[in-house]
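Participant: The structure follows.
Every number in this text was worked out from the coordinates using simple rules, so none of it is lab data. Just so you know, these numbers come straight off a predicted model, no measurement behind them. Heads up, the Cβs are rebuilt from the backbone with ideal geometry, glycines too, and the neighbour counts pull from every protein chain shown.
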Amino acid sequence: MVAFVTQFVQTLIYGLIEGSVISVGAVGLTLSYGVTRFINFAYGEFLTYGAYLALFLSGAGLGLSLPLPVATIVAVLVVGAFGVGVSRVFFEPLSDRGPLPLLITSIGVAFILRYALTAAVGVSAKQLPVPLMRPVEVFGVGTTPLRAAVFLVAIATMLLIHVLLTYTMLGKTMRATSGNRNLAEIAGIDTDGVVRRTWFISAGAGALAGVLYAVLFAPFRPTVGFEYLIVIFAATLLGGIGRPYGAMIGAIIVGVAMNLGTTYLSAEYTMAYAFAILVGVLLFKPDGIAGGEI
Amino acid sequence: MGVFTPTALLSLPGWGSFLLTVLTIAGIYSLLTLGLNIHYGYTGLINFGHVAFFAAGAYTAALLTVPPPAQVSGAEYVFGLNLPMPLGLPISLVAAAVVGGLLATLIGATSVRLGSHYLAVATFALAGIFGSVLENEAWLTNGSFGLNSVPKPGRAAMSADTWAVAYFVFVVVVLVVVAFVLSRLTGSPFGRLLKGVRESEDAAQMLGKNTIRVKLTSFAIGGAVAGLAGGLYAHYVGSVVVQQFVPAVTFTVWAALLLGGVASNTGAVFGAFLLVGFRESTRFLTNIYDSLLASLPTVAADALRLAVEPLPDHASFVPSLRFVVIGLLIVLVIRYRPEGVFGDPNEIDAIGEED
Amino acid sequence: MSRDSSESDAAAGVTRSDSDAPLLEVDDVVKRFGGLTAIDHASFGVEAESITGLIGPNGAGKSTLFNCVTGMLTPDSGAVRLAGEDVQDLPPNRIAQRGLGRTFQTPKIFRGMSVRENLAFAARGQTGERPISALVRPGTVGSEEADIRERVDDTLAFLSLDHLAEEYASGLSGGQRKLLELGRVLMLDPEIILLDEPMAGVNPSLADDLLDRLHELNDRGRTILLIEHDMDLVMNHCDRVVVLHNGQTLASGPPSIVQEDERVVEAYLGGFENA
Ligand SMILES: Nc1ncnc2c1ncn2[C@@H]1O[C@H](COP(=O)(O)OP(=O)(O)OP(=O)(O)O)[C@@H](O)[C@H]1O
Ligand SMILES: [Mg+2]
């Protein structure tokens with residue numbers, strides 16, 4: 001009985017930690033959906049690029065060895081800017097053609113980004129330079145300081161995004177643009193600027209999620225982001241696409257469900273639990289748990 | 001050239017049998033593309049899980065025809081029906097098509113009510129689930145080890161090269177028949193029904209059409225064609241392994257369809273041949289490079305070597321570039337020629353728009 | 001029903017066997033969008049073989065009401081009855097099959113199909129719509145197609161669209177699209193036709209023509225419910241008028257009576273001024 005409770009609580013903790021990482025990615029994806037109105041299948045590549053950039057900056061390859069936190073910050077900024085570039089080159093030129101060309105283009109972009117990276121670095125698995133740590137345990141449950149740090153970084157990011165959305169001009173203009181781009185434009189909002197900054201935040205959040213994921217689940221390959229994309233989709237749709245807070249909640253649910261499933265049902269199907277949640281949401285509640293209009 | 005006389009068939013030159021392989025695979029991919037064309041080109045359904053129907057067909061054909069596990073060392077799977085070849089072939093292929101169609105109907109039933117973007121995500125996710133089931137349910141599929149003794153019908157009776165020619169001809173015949181049937185369908189009132197649903201689901205409903213059923217039927221037909229392609233593939237390659245059925249297959253087919261031309265059956269076949277031709281021919285890039293180095297004068301060879309040197313030197317370099325090109329192709333076609341080579345720009349005007 | 005039935009003086013001149021029940025009946029229908037009540041306990045009837053006008057200021061809920069009647073939206077409460085039977089829970093295609101056709105305020109044409117294909121699509125009971133039949137019964141399908149083609153030609157001529165038969169619908173002007181949509185409904189050949197602002201964007205001489213066509217249809221026994229902003233048109237051509245305001249039915253009856261209703265004048269003109 002005690003063992004059961006311990007294991008259960010432990011699983012919940014892992015689920016929460018993974019959920020917090022998912023939520024960083026899910027919020028990033030949902031924010032960009034808010035202003036661009038298409039589901040970006042290339043979003044996973046921002047995770048991958050974040051993880052690899054942090055890797056190179058912090059040890060492997062480039063001859064640099066920045067401390068991981070610094071490398072992470074640089075990676076987030078660089079990938080954020082890269083995201084703006086990607087939208088400029090691939091997506092903006094199609095912005096007046098409706099959502100479908102954008103959706104299909106995002107598949108093409110995903111391929112270009114993923115395989116360009118693969119061509120450059122190969123498929124061998126890589127690992128971030130993180131120290132091995134002993135878990136800190138209370139009553140037999142606990143986690144390593146590293147995982148705790150991942151969780152805290154993710155939570156801090158959520159708070160940051162919350163502040164950004166609620167208290168800054170950018171947040172207000174983002175919401176206005178997200179509600180109705182034409183109207184926002186008429187109201188004098190520089191919607192192009194808003195879109196650009198949203199891409200920055202969205203791609204940056206993706207990069208951060210990628211680094212955090214790589215810390216949690218080393219080692220990783222160039223397919224890491226694409227594989228994790230479905231998990232992020234699940235969280236995003238569960239929360240109702242375009243809704244940042246919904247995405248956070250959705251992410252926690254998905255994270256916990258995946259970990260419970262892996263522990264108690266079958267360890268082989270980790271991702272499939274996310275798929276199943278995703279499909280369940282689409283079937284029964286396509287506008288997400290929060291309901292209401294999208 | 002005496003390539004087409006029976007004696008010459010017994011041993012093709014290296015490039016000849018390579019070409020035959022490419023053409024056979026291209027024929028199989030043409031079927032996949034024709035199937036997707038029914039979904040997307042004619043009905044506007046964004047199916048990002050096409051590979052699942054292909055896999056379903058391949059595994060069906062394999063399970064019907066592989067020897068029972070007792071006869072295979074290290075087998076984890078629990079049954080193989082061991083249908084005799086070549087008589088079992090039609091049964092195996094029909095079953096592959098049926099299972100592909102059923103899976104498509106099932107996946108469709110869960111998600112055709114969704115808007116086009118959600119449908120894209122749902123099909124992608126469901127294909128992912130199907131893939132992990134194939135990988136993990138080893139009792140059925142032999143897991144990531146795969147079913148590696150799928151019979152090649154008629155192979156025992158002839159030389160390798162003769163068989164390759166015969167199977168190619170068989171694939172072409174199947175392709176022609178399927179293309180003919182599909183063209184008849186898309187040119188009939190049924191095709192008009194599909195297109196109307198593609199153009200405006202609301203209007204189609206207001207005119208009394210059961211659009212859900214139309215979409216399911218479309219899913220079933222396209223899925224059956226993909227399943228048939230899977231069956232042909234299994235008997236051609238002789239083995240079925242999960243790694244053959246990754247999302248990249250789906251998107252290669254998409255690239256072929258977009259390139260060839262949406263809502264054009266000719267375009268679908270053309271696109272598949274072009275894309276598979278490109279994909280397979282790049283396998284020779286390193287050979288060409290080596291023979292260039294050998295045949296060029298020393299100075300030129302050194303210069304070439306120097307030029308290539310900064311490129312990464314690992315096995316996945318060239319294969320990766322192949323996918324970069326496929327990605328670029330998708331991006332460029334959508335931007336600059338959304339109707340592809342054979343499509344009609346007027347027809348693709350409204351695809352995938354919500355009412 | 002609040003309406004006095006003695007007023008239904010059967011302008012169309014014909015009464016059905018179940019003469020008391022209107023062909024289409026909207027009974028206490030409510031439809032909300034979040035906090036907004038778009039249809040607020042609306043009730044009215046459309047007599048068989050009448051031309052009924054549905055009027056009301058912008059945003060009154062006219063199109064929403066059409067959507068509730070046709071099954072595109074499910075009312076939050078209330079009933080919609082077609083020929084005496086509840087249809088509010090049926091999907092749009094089933095309602096259409098029971099003899100109700102409609103057009104949209106912004107036409108939903110099949111842009112990537114030819115004008116001819118647009119019309120042919122709408123024909124009912126096509127054997128060739130079933131994939132197996134399409135393949136194995138070419139004879140039946142062929143002769144049906146020939147019939148459909150003939151009807152399409154007639155309809156195109158009726159709407160003066162014959163010169164555009166082979167054009168892609170995406171190339172049509174706004175007015176032509178309205179006509180095309182009407183043509184599609186005619187191919188469906190329903191008992192009752194709901195038209196959402198059929199004259200908007202149609203050039204004036206054609207609009208007159210169109211009116212003649214509507215009367216012609218009406219004379220052939222078809223019931224018509226149309227949303228229209230042109231008061232003169234409504235007053236001169238409709239047998240009955242229903243006034244919708246803020247989602248409520250303000251009045252209904254013959255044009256002459258409705259026209260004099262003070263609430264209508266006030267609300268409606270007020271609404272127009274604000275629009
Ligand atoms: N799908 C919807 N979601 C939310 N609100 C809606 C929706 N459809 C209509 N509305 C709102 O319902 C109200 C009624 O709209 P409706 O289109 O029915 O008016 P209408 O009488 O047809 O006006 P018009 O004369 O301009 O066509 C409006 O306030 C409109 O904004
Ligand atoms: Mg309206």
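Participant: In degrees between 0 and 90, to the nearest 10, how far off the longest principal axis of chain A does helix A:169-179 point, with axes built from Cα atoms?
Facilitator: 70 degrees
Participant: If you don't mind, another one. Residue C:245's amide H: which non-local residues (gap 5+, or another chain) put their own amide H closer than 5 Å, with H modeled 1.01 Å from N in plane and none for Pro or chain starts?
Facilitator: HN-HN under 5 Å from residue C:245: C:250.
Participant: Among A:184-190, B:115-121, B:54-60, how do they line up by average Cβ neighbours within 10 Å per residue, starting with the highest? Write out the running numbers ahead of the final one.
Facilitator: Numbers: A:184-190: 13.7, B:115-121: 22.0, B:54-60: 29.6.
Output ranking for A:184-190, B:115-121, B:54-60: B:54-60, B:115-121, A:184-190.
Participant: Continuing with the same structure: How far is it, in nm, from the label point at residue B:169 to the one at residue A:227 when both lie 7 Å from their Cα along the line to the Cβ?
Facilitator: Once both label points are built, they end up 4.5 nm from each other.
Participant: Then there is this: For the pairs B:209/C:31; A:285/B:209; C:62/C:178; C:62/C:108; B:209/C:108; A:285/B:195, flag any whose C-alpha to C-alpha distance is greater than 21 Å.
Facilitator: B:209/C:31; A:285/B:209; A:285/B:195
Participant: Follow-up question, since we're still on this one. Just to be sure I understand: if I project the alpha-carbon convex hull of the stretch B:157-308 onto a plane and average over all orientations, what area do I get in nm²?
Facilitator: Numbers: hull surface 55.1 nm².
Averaging across all directions leaves 13.8 nm² for the Cα convex hull.
Participant: Related question: For residue A:89 and residue A:190, what is the calculated FRET efficiency with R₀ set at 22 Å and r taken between the beta-carbons, to the nearest 0.05? Write down the numbers at each step before the final one.
Facilitator: Values: r = 21 Å, r/R0 = 0.93.
The computed FRET efficiency comes out at 0.60.
Participant: Follow-up. Ordered by residue, what ³J(HN,Hα) values in Hz, to whole numbers, does the stretch B:148-158 give under the Karplus form 6.51 cos²θ - 1.76 cosθ + 1.60, where θ = phi - 60° and Gly and Pro are x?
Facilitator: After applying 6.51 cos²θ - 1.76 cosθ + 1.60, I find 10, 10, 5, x, 9, x, x, 4, 5, 8, 8 Hz.
Participant: Here's another thing I want to ask about it. Testing the spin-label approximation: label points 7 Å from Cα along Cα→Cβ at residue A:7 and residue C:154. State their distance in nm.
Facilitator: 7.6 nm
Participant: Let me ask something else. Rank C:152, C:265, C:202 by mean-square fluctuation in a GNM of chain C with C-alpha springs under 10 angstrom and give only the top-ranked residue.
Facilitator: C:265
Participant: Can you tell me the FRET efficiency between residue A:169 and residue C:77 if r is taken as the Cβ-Cβ distance and R0 is 41 Å, rounded to the nearest 0.05?
Facilitator: The value I calculate is 0.40.
Participant: Next question, about the same structure. Each residue of the stretch C:190-197 in turn: what ³J(HN,Hα) in whole Hz from Karplus with 6.51, -1.76, 1.60 and θ = phi - 60°, glycine and Pro shown as x?
Facilitator: Whole-Hz 3J(HN,Hα) from phi for the stretch C:190-197: x, 5, 10, 10, 9, 10, 9, 6.
Participant: Related question: Which distance in Å, rounded to a whole number, links the C-alpha centroids of the stretch C:213-262 and the stretch A:213-246?
Facilitator: 56 Å
Participant: From the Cα gyration tensor of the stretch B:6-246, with a ≥ b ≥ c the square roots of its eigenvalues, which class applies: rounded if a/c is under 1.5, or else prolate if a/b is larger than b/c, or else oblate? Don't skip to the answer; put the middle values down first.
Facilitator: Values: a/c = 2.46, a/b = 1.52, b/c = 1.62.
Note, shape of the stretch B:6-246 comes out oblate.
Participant: For residue C:225, list long-range residues whose amide hydrogen, built 1.01 Å from N in the peptide plane, is under 5 Å from its own amide hydrogen.
Facilitator: Sorted by chain and number, the residues that satisfy this are C:52, C:193, C:194, C:195.
Participant: Return one quarter of the surface area of the convex hull spanned by the alpha-carbon atoms of the stretch C:74-231, equal to its mean projected area, in nm².
Facilitator: Averaged projected area of the stretch C:74-231's Cα convex hull equals 11.0 nm².
Participant: Tell me, what are the semi-axes, in whole angstrom and largest first, of the equivalent ellipsoid of the stretch C:58-164 as set by the roots of 5 times the Cα gyration tensor eigenvalues?
Facilitator: Value: 31, 20, 12 Å, ordered largest first.
Participant: Could you work out the mean count of beta carbons from other protein chains within 10 Å of each residue's beta carbon in C:109-121?
Facilitator: Per-residue shielding by partner chains comes out at 6.
Participant: Under the definition of partner shielding as Cβ atoms of other protein chains within 10 Å of a residue Cβ, what is the mean value for peptide A:223-236?
Facilitator: Across the residues of A:223-236, the mean count of other-chain Cβ atoms within 10 Å is 2.
Participant: What value does the stretch A:71-209 have for Rg/Rh, both radii from Cα atoms and Rh as Kirkwood defines it? It would help to have the intermediate numbers written out before the result.
Facilitator: Values: Rg = 19.2 Å, Rh = 18.0 Å.
With Rg and the Kirkwood Rh in hand, the quotient comes to 1.07.
Participant: Which ³J(HN,Hα) values in Hz, rounded to whole numbers, follow from the phi angles of the stretch B:103-119 under the Karplus curve 6.51 cos²θ - 1.76 cosθ + 1.60, where θ = phi - 60° and Gly and Pro get x?
Facilitator: 4, 4, 5, 5, 4, x, 4, 6, 9, 5, 6, 6, x, 4, 6, 5, 4
Participant: Now for a different question. Can you order the peptides B:89-96, A:109-116, A:81-88 by their average number of other Cβ atoms within 10 Å per residue, highest first? Let's see the in-between values first.
Facilitator: Details: B:89-96: 21.4, A:109-116: 24.0, A:81-88: 19.8.
Going by the mean number of other Cβ atoms within 10 Å, highest first, we get A:109-116, B:89-96, A:81-88.
Participant: In peptide A:91-104, what is the residue-averaged number of other protein chain Cβ atoms found within 10 Å of each Cβ?
Facilitator: If you average over the peptide's residues, the count of other-chain Cβ atoms is 5.
Participant: Using only Cα atoms and rounding to the nearest 10 degrees, what angle (0 to 90) does helix A:2-36 make with the longest principal axis of chain A?
Facilitator: 10 degrees
Participant: Follow-up. Output the peptides A:201-214, C:93-106, A:34-47 sorted from most to least packed, where packing is the average of other Cβ atoms within 10 Å over each peptide's residues.
Facilitator: Taking the mean over residues of other Cβ atoms within 10 Å, the ranking is A:201-214, A:34-47, C:93-106.
Participant: Hey, what did the stretch A:18-137 get for relative contact order, percent, Cα under 8 Å, at least 6 apart?
Facilitator: 32 percent
Participant: Take the eigenvalues of the Cα gyration tensor for chain A, scale each by 5, and report the square roots as semi-axes in whole Å, largest first.
Facilitator: For chain A, the ellipsoid semi-axes come out as 30, 23, 18 Å.
Participant: Label points 7 Å out from Cα along the Cβ direction at residue B:243 and residue B:303: separation in nm?
Facilitator: Going by the 7 Å Cα→Cβ label model, 4.0 nm.
Participant: Please list, or write none, the aspartates and glutamates whose alpha carbon is within less than 18 Å of the alpha carbon of residue A:172, excluding same-chain residues fewer than 8 places away.
Facilitator: A:185, A:190, A:192
Participant: Taking the stretch A:150-294, how much of its Cα-Cα pair set, in percent, is spaced more than 25 angstrom apart? Intermediate values should be presented prior to the final figure.
Facilitator: On the way: 3711 of 10440 pairs.
Distances greater than 25 Å cover 36 percent of the Cα pairs.
Participant: Let me ask another. Using Cα-Cα distances under 8 Å and only pairs 6 or more residues apart, what relative contact order does the stretch C:172-275 have, in percent?
Facilitator: Normalised by residue count, the contact order of the stretch C:172-275 is 19 percent.
Participant: Report, in deg cm²/dmol and to the nearest 500, the calculated mean residue ellipticity at 222 nm for chain A, where each DSSP H run with n ≥ 4 adds -39500 (n - 2.57) and the sum is divided by the residue count. It would help to have the intermediate numbers written out before the result.
Facilitator: Working: 11 runs with 209 residues, N = 294.
Per the formula, -24500 deg cm²/dmol.
Participant: Still on this model: Send over the per residue convex hull volume for the protein assembly as shown, Cα only, as a whole number of Å³.
Facilitator: On the way: hull volume 203.9 nm³, N = 924.
Once divided by residue count, the hull of the protein assembly as shown is 221 Å³.
Participant: Whose amide H sits under 5 Å from the amide H of residue C:31, counting only residues 5 or more places off or on another chain, with H placed in the peptide plane?
Facilitator: C:38, C:39, C:40, C:41, C:76
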